[in-house]
1. Please enumerate the residues belonging to segment 94-135 that are outside any strand (DSSP E or B), among the polar types (S, T, N, Q) and either buried (at least 17 other Cβ atoms within 10 Å of the Cβ) or at pLDDT 90 or above (or both).
2. Which one is surrounded by the most Cβ atoms within 10 Å (Cβ to Cβ) among residues in segment 154-172 that are among the polar types (S, T, N, Q) and not in a helix (DSSP H, G or I)?
3. Suppose the filter is modelled with pLDDT of 90 or more, in a helix (DSSP H, G or I) and buried (at least 18 other Cβ atoms within 10 Å of the Cβ); does Glu151 pass it?
4. Mind checking which pairs have a first residue in segment 152-172 that is under 15 Å from Gln136 (Cα atoms) and a second that is assigned to a helix (DSSP H, G or I) and charged (D, E, K, R), Cβ under 8 Å, 6 or more apart or different chains?
Amino acid sequence: MTIIGKIAISLLISFTSVWVLQKPPAPTDDERRPAPVTVWQGLEPASPQPPATTTQHRQTTPITQIDACGAVFHMARYVGWPEHELATVVAVAIRESRCRPDAFNPRDPNGGSAGVMQINYFWCKPSRYFPNGYMQAYALIKTCDDLFDLETNLRAALNIYRYSNGWRAWSP
């Protein structure tokens, strides 16, 4: 590299650093506000609504996704999922059903997928090896519609998880 090239690069770096090293702008009021300590605090609703003045309509609080996913977490722990898999259980439930136990996907093969973990009806339909269905053979369900119950769905998912030696049944 020639001396002229070295000088040109040095000048370029010098001028660039003058603009880059300028004093940053003062923070705004929003930026001065302290950040939430946890993710849950950042997602909490604003102050509660005052009660309605008429008694004809009662306000109900909808169950948020956070509440539903919290229920999935606690129920998964209750039915016996390993502690190190609880976060993955909730992540799969979010991806598959948005943590909704009543979720149903009719487009999946073998009649659809049901519940919070979107268990395919393959697992509850009769087959060559399980004339009444795999889940029925292990007394986990009586009919495929039982998969819409959160506890039953998570127990069935745990059985499939163990049968598959991991998350293979939920992989794309």
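1. Result: Ser97, Gln118, Asn132.
2. The qualifying residue surrounded by the most Cβ atoms within 10 Å (Cβ to Cβ) is Ser164.
3. Answer is no for this residue.
4. What qualifies is Thr152/Asp146.
The values are calculated or read from the model by the stated rules, or taken from the named source; none is laboratory data. Just so it is clear, the model here is predicted, and its values are computed rather than measured. We place every Cβ from the backbone using ideal geometry, glycine too, and count neighbours over all the protein chains shown.
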